[in-house]
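Engineer: For reference, the structure I am asking about is given below.
Every number in this text was worked out from the coordinates using simple rules, so none of it is lab data. Note that the coordinates shown come from a computational prediction; the quantities given were computed from them, not determined experimentally. FYI the Cβ positions are ideal-geometry reconstructions off the backbone, even for glycines, and counts take in every protein chain you see.
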Amino acid sequence: MVRQSPPAFPAPEARAHWWPAPVLLASGGAVFAVVLFGDVAFSGRPSSDLAWIFAITEGLLFVWLMRFSPVAPVARVKLLAVVASVAALFALTVSVEGYHGDGRPIVAWRFSWPRGSSAGGQRLAAVSRLTPAAEAVDLVTTTERDAPQFRGINRSGTYPEIDIARDWSHRPPRELWRQPIGQGWSSCAVRGDFFVTQEQRDDDELVACYELTTGRERWVHRDRTRFHEVTGGDGPRATPTIDAGRVYSLGATGLLNCLDGSDGSLIWVRDILRDAGTKNSLFGMAGSPLVANGLVVVAPGGQGHSLVAYHAAAGDFAWGGGDAPAAYSSPVRALLGGTEQILNFNAEGLFAHDCQNGAILWNFDWVTPPEMNNVCQPVPLANADSGGTGRVFISSGYGKGCAVLEVSHGEDGFRVRPEWTNSRLKAKFSSVVVRDGFVYGLDDKLLTCLDLRTGERRWKGGRYGYGQLLLAGDLLLVLAEEGELALVEAAPTDFRELARFAVLDHRTWCHPVVSGSLLLVRSDREIACFELPARE
């Protein structure tokens with residue numbers, strides 16, 4: 001008897017057995033798309049979820065095809081080849097341009113207009129060829145509009161004198177200028193009519209000075225170095241500090257520069273990681289330099305160098321203190337327990353250092369696994385305290401939460417205890433603002449208001465992704481991750497968004513800056529300046 005081979009395609013009576021193939025492919029593709037383009041994550045790490053979805057779908061399809069399908073071996077191979085070809089075609093036609101704040105990859109067509117650093121360098125060449133102005137850059141003269149360091153005068157993200165119109169329907173913010181900028185997550189420091197920022201152009205890490213009202217480039221300082229990291233992208237992370245006509249900048253690879261603010265020429269430079277004998281953090285050096293009492297304070301991390309200070313005049317080493325690894329917050333001054341101190345939110349928690357010698361005065365353990373990502377600025381809740389007691393607010397993402405700490409100083413030294421802790425505000429890599437006893441911040445993607453006395457949530461609303469925010473008078477300016485600017489009431493009664501306005505069109509993690517009526521916003525591709533409408 002001649003044995004017949006099975007048909008290449010199923011007989012009519014066997015067609016019912018084909019239903020698992022399209023169901024597997026359709027359901028796997030749908031779940032993949034929801035995670036990639038939506039707001040769903042199963043493990044908290046969307047990239048890992050996508051890999052597992054693809055692997056499980058392909059694995060189940062292979063098992064069904066090899067064990068339960070009614071087709072011949074040749075047809076099985078053909079079907080597997082078709083599925084593999086579709087996957088390869090997808091990989092060849094799209095590219096990953098970075099990651100959203102929740103870890104979802106940003107995909108784009110490979111054959112679209114290039115967005116990388118080379119394209120950015122070509123577009124920036126047009127900016128650099130502008131004819132320089134005749135007058136010198138003045139970063140010495142101070143004005144009431146200045147925001148000379150990270151998050152403003154006192155690093156609080158608060159601009160109390162700004163009076164913004166509450167209705168943008170007829171008078172939205174007016175764009176003054178817009179232009180490309182090199183990669184990086186540096187915010188801007190403003191002095192008078194100029195601002196400075198940091199950026200990556202090809203293989204050079206730059207500190208650049210621009211005119212505030214025109215965007216004209218005035219000078220650049222270049223370091224031949226490049227920090228590369230997949231999820232956050234290339235380029236510097238910290239914001240420069242302007243003090244007494246000088247610019248102090250910390251690059252992502254640890255180069256601390258002191259520059260002449262008139263022309264960008266180098267006065268001195270230190271490699272803080274080499275000085276500390278430690279390795280770089282996973283996401284690079286991100287803490288902005290703090291200039292205080294003739295010192296430049298930065299946080300490289302490592303034994304004896306958790307927080308260090310250099311003399312601002314000549315760059316010689318002044319002191320170092322603490323052994324904890326660095327995180328991604330910036331040092332901030334505080335008056336607590338009647339003593340001036342510097343707060344450093346490092347990988348092991350909140351540490352207070354003596355301003356004179358760097359010695360640790362007190363600490364509070366606050367570890368945020370898996371990557372020790374303490375980013376949010378600690379907020380001293382009183383500049384002057386009574387009875388030897390002060391308070392500090394801290395917050396972290398990755399499910400950690402927030403706390404208000406009470407710091408007291410007695411004969412036996414400093415003591416710190418939590419007044420309350422909860423998970424109602426998890427600031428992943430944004431910072432918060434405080435007004436009239438209430439704190440406002442992004443609980444992951446949602447804007448949230450908490451009562452600082454009790455930790456009670458007053459409201460939660462408004463989906464802004466992993467953006468940033470500042471407080472202007474009695475209003476919040478929230479810069480959403482996708483580039484929209486929202487105007488929200490800073491009131492504990494309820495959430496009320498007054499206006500929303502598109503200002504950028506790509507991933508936006510940089511802190512916005514206000515100087516008078518002008519607003520500077522920046523993404524990883526461009527920077528723009530808007531005039532905010534004044535309240536009548």
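Engineer: Order these peptides, 507-513, 337-343, by their mean beta-carbon neighbour count within 10 angstrom, highest first.
Structural biologist: Answer by packing, highest mean first, reads 507-513, 337-343.
Engineer: Grab the other residues whose beta carbon is less than 9 angstrom from that of GLY473, score K and R as +1, D and E as -1, and report the net.
Structural biologist: Taking every other residue near GLY473 into account, the sum is -2.
Engineer: Summing +1 for each Lys or Arg and -1 for each Asp or Glu, what net charge is found among the other residues whose Cβ lies under 12 Å from the Cβ of LEU250?
Structural biologist: -1
Engineer: Packing-wise, with mean Cβ within 10 Å as the measure, how do 224-232, 270-278 rank, highest first?
Structural biologist: Packing proxy ranking, top to bottom: 270-278, 224-232.
Engineer: Here's a follow-up. Restricting attention to the alpha-carbon atoms of region 420-477, what are Rg (one decimal) and Dmax (integer), both in Å?
Structural biologist: Over region 420-477's Cα set, Rg and Dmax evaluate to 10.5, 28 Å.
Engineer: Counting only other residues whose beta carbon sits under 10 Å from that of GLU484, what net charge do I get with K and R as +1, D and E as -1?
Structural biologist: Here the charged neighbours net out to -2.
Engineer: Restricting to Cα atoms and excluding each atom paired with itself, what does the Kirkwood estimate give for region 319-406 in Å?
Structural biologist: Computed over region 319-406, the radius equals 13.1 Å.
Engineer: Compute the acute angle (0 to 90°) between the alpha-carbon long axis of helix 20-37 and the principal axis of greatest extent of the alpha-carbon atoms of the chain; round to the nearest 10°.
Structural biologist: Orientation of helix 20-37: about 10 degrees from the principal axis.
Engineer: Pull up all non-local amide H partners of VAL94: gap of 5 or more, or a different chain, and H-to-H distance under 5 Å with H placed in the peptide plane.
Structural biologist: ARG110
Engineer: So for the chain, if I pair up every lysine 8 or more residues apart or on another chain, how many of those pairs have alpha-carbons under 18 Å apart?
Structural biologist: Number of lysine pairs found: 9.
Engineer: Tell me, ARG333, ARG415 in order of fewest to most beta-carbon neighbours within 10 Å?
Structural biologist: ARG415, ARG333
Engineer: Something else now. Sorting MET372, MET66 on the 10 Å Cβ count, fewest up front, what's the list?
Structural biologist: MET66, MET372
Engineer: I would also like to ask the following. Counting other C-beta atoms within 10 Å, which of ILE360, ILE181 has the fewest, and how do the rest follow?
Structural biologist: Neighbour counts put them in this order, fewest first: ILE360, ILE181.
Engineer: Okay, next question. Based on a Kirkwood Rh over C-alpha pairs, give the Stokes-Einstein translational diffusion coefficient of the chain at 25 °C and viscosity 0.890 mPa s in µm²/s.
Structural biologist: In µm²/s, the coefficient is 98.
Engineer: From the backbone phi of region 165-176, what are the Karplus-calculated ³J(HN,Hα) couplings (6.51 cos²θ - 1.76 cosθ + 1.60, θ = phi - 60°) in whole Hz, Gly and Pro given as x?
Structural biologist: 4, 8, 10, 9, 5, 9, 10, x, x, 9, 6, 8
Engineer: Across region 429-536, how large is the tail of the calculated P(r) beyond 25 Å, expressed as a percent of all Cα pairs?
Structural biologist: 16 percent
Engineer: Calculate how steeply helix 73-93 sits against the longest principal axis of the alpha-carbon atoms of the chain, using the helix alpha-carbon long axis, and give the answer as 0 to 90 degrees to the nearest 10.
Structural biologist: Approximately 20 degrees, to the nearest ten.
Engineer: Moving on. With labels modelled as points extended 7 Å from the Cα through the Cβ direction, what inter-label distance (nm, one decimal) is found for ILE267 paired with ALA72?
Structural biologist: Spacing of the two 7 Å Cα→Cβ label points: 8.3 nm.
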